[in-house]
1. Could you please find all residues in segment 73-92 being out of contact with any helix residue (DSSP H, G or I) (no Cβ under 8 Å at 6 or more places or on another chain) and over 30 Å from G272 (Cα atoms)?
2. Of all the residues that make up segment 144-162, how many are crowded, with 17+ Cβ neighbours inside 10 Å and either charged (D, E, K, R) or assigned to a helix (DSSP H, G or I) (or both)?
3. If I ask for residues that are modelled with pLDDT of 95 or more and part of a loop (DSSP other than H, G, I, E, B), which ones from segment 290-306 would you list?
4. I'd like the full set of residues that are surrounded by 15 or more Cβ atoms within 10 Å (Cβ to Cβ) and out of contact with any Ser or Thr (no Cβ under 6 Å at 6 or more places or on another chain), limited to segment 1-10.
5. Take segment 183-229 and flag every residue that is over 28 Å from Q146 (Cβ atoms), surrounded by fewer than 17 Cβ atoms within 10 Å (Cβ to Cβ), of a type in the set (S, T, N, Q) and touching a residue at least 24 places away in the same chain (Cβ under 8 Å).
6. For the list (1) assigned to a helix (DSSP H, G or I); (2) touching an Asp or Glu at 6+ places or on another chain (Cβ under 9 Å), I need the number of the one condition that L217 fails.
7. Can you find, within segment 67-88, the residue that is surrounded by the fewest Cβ atoms within 10 Å (Cβ to Cβ) among those that are in contact (Cβ under 8 Å) with a residue 60 or more places away in the chain and farther than 18 Å from R244 by Cα?
8. Give me a count of the residues in segment 28-48 that are within 19 Å of T269 (Cα to Cα), surrounded by fewer than 17 Cβ atoms within 10 Å (Cβ to Cβ) and either among the β-branched types (V, I, T) or touching a strand residue (DSSP E or B) at 6+ places or on another chain (Cβ under 6 Å) (or both).
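The values are calculated or read from the model by the stated rules, or taken from the named source; none is laboratory data. Nothing here was measured: the structure is a model prediction, and the numbers come from that model. Glycine also receives a Cβ, built like all others from the backbone with ideal geometry; neighbour counts cover every protein chain displayed.
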Amino acid sequence: MKQKLYPLTFHPIYKEKIWGGRQLAKILGRALPPGLIGESWDVAAHANGTSVVDQGPLAGKSLVELVHAYGTDLLGRTVSSEGRFPLLLKLIDANQDLSVQVHPDDDYVRQHTAETWGKSEMWYIVHAEPGAWIVWGLRPGVTKDQFAQAIEAGGEAILACLNKVSVQAGQVYPISAGLVHALGAGCLVAEIQQNSDTTYRVYDWDRLDQEGNPRDLHIHQALDVIDFSAQALDVDYHLARCARYFQFEVLDKPQRRVLKLDGAFQILTSIGGRAEVVHGETVTELAAGQSCLLPAALDSCELRAEGIVLRSSPALT
């Protein structure tokens, strides 16, 4: 007999990155392993990292196992995901500038990679050091030929094509497939995205890895997938494209708010302050930066939080 589903929390999957740091410990109080930790995959069911339940009767089970065992009871009947978990929730600590990069859409990855989905994503700025910035698209009017020439020239020519935006905590940025982007140093973000790990690097600030070699770039693929259209810097355009894959909401100090699941799972991410998720007799406490998966079969839960909580769910079909 299967165990009854309940609000699920997971062991974080930490990823060491050349650009990573220790802000997950400093800002969110995480107990980190040694090294430069750039990412924490907190709700994931991907070949490069799969979450494992950390408490309750299902402790030790992976999210992939749970999807196979529970199917629509976990995912919901209105989620079209080909029997796979469709989203990935991570935290990113940019201690140094990330590479200038772009992600492909569904059609491109299915033609050229082993992935099932492309990678549209949404950033919530959890923390930003003074002067922090992101790259959000190319400057208006930059064409494919112009950008290809800039990449060939390198350095300042590439930088002249980038749209740099100053950021602060609490802001939200949609990053749909095809948008050139990068996190600048001093940004800590929560990211909800399609369940994909395909990234094409355009420029890596002439950085060398630990062996003294430049990291791989993916110029041909990047030029294939970059969105050079006139609306590429339109926020509403990217919000609409992201809405094909997931819904995202910022809840400000929700006290005793009843969350209806409406036939699909939800992911809650506590950004700061005490947070509790209540379902029946079960009370799940969330630490700062911790995420919780609400299986669709729960129907509803009550959320009690003193700070910001991010609410993510799949697009309904």
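1. T78, S80, E82
2. Count: 4.
3. Answer for segment 290-306, where residues must be modelled with pLDDT of 95 or more and part of a loop (DSSP other than H, G, I, E, B): Q290, P295.
4. Those that are surrounded by 15 or more Cβ atoms within 10 Å (Cβ to Cβ) and out of contact with any Ser or Thr (no Cβ under 6 Å at 6 or more places or on another chain): L5, L8, T9.
5. Of everything in segment 183-229, just one residue is over 28 Å from Q146 (Cβ atoms), surrounded by fewer than 17 Cβ atoms within 10 Å (Cβ to Cβ), of a type in the set (S, T, N, Q) and touching a residue at least 24 places away in the same chain (Cβ under 8 Å), namely Q210.
6. (1)
7. A69
8. 0
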